[in-house]
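To keep things clear, I will list the structure first and then write my remarks on it.
The values are calculated or read from the model by the stated rules, or taken from the named source; none is laboratory data. For clarity, every value in this text was computed on a predicted model and none was experimentally measured. Glycine also receives a Cβ, built like all others from the backbone with ideal geometry; neighbour counts cover every protein chain displayed.
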Amino acid sequence: MWEYIVKRVIKEGEYIACHGATVRAAAAHFGISKSTVHKDVTERLEEIDGALYLEVKSVLQKNLSERHIRGGQATKCKYAHIKNCTQEHALPPQQTN
């Protein structure tokens, strides 16, 4: 394996393990695709550093188990934002005398 790939894989693994980051967050941090990060930490890392691989694997498993919760929170925030925006732009009530 190329040396630059080995270094990249280790950096990604350490970042995910240290920050509890998702694959998407790690990809954004390093400026590479999610597919590359996923392949690096699920396939290549096991060959390079078994102990780090196990740490990353547990973080990714935790993120996977919490994914549905984060999605629900994002949806809740989205609709709360929409509600606030429509209330701000609503016309004031008409006064009747």
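May I ask you to say which residue of Ala25, Ala17 is without any contact (Cβ under 8 Å) to a residue 12 or more places away in the chain, assigned to a helix (DSSP H, G or I) and within 17 Å of the chain's Cα centre (by Cα)?
Values: Ala17 fails: without any contact (Cβ under 8 Å) to a residue 12 or more places away in the chain.
After ruling out the rest, the residue left standing is Ala25.
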- Is it fair to say Leu64 is of a type outside the set (Phe, Trp, Tyr) and at pLDDT 95 or above? no
- Note on the structure: Expected output for the stretch 40-52 (first residue more than 13 Å from Ala17 (Cα to Cα) and touching a residue at least 12 places away in the same chain (Cβ under 8 Å), partner aliphatic (A, V, I, L, M) and not in a helix (DSSP H, G or I), Cβ below 8 Å, 6+ apart or cross-chain) is Arg44/Met1; Glu47/Met1; Ile48/Met1
- Query: Picking from Ala17, Ala80, Ala28, which residue would you name as being small (Gly, Ala, Ser) and in contact with a helix residue (DSSP H, G or I) (Cβ under 7 Å, 6 or more places away or on another chain)?
  - Reply: Ala17
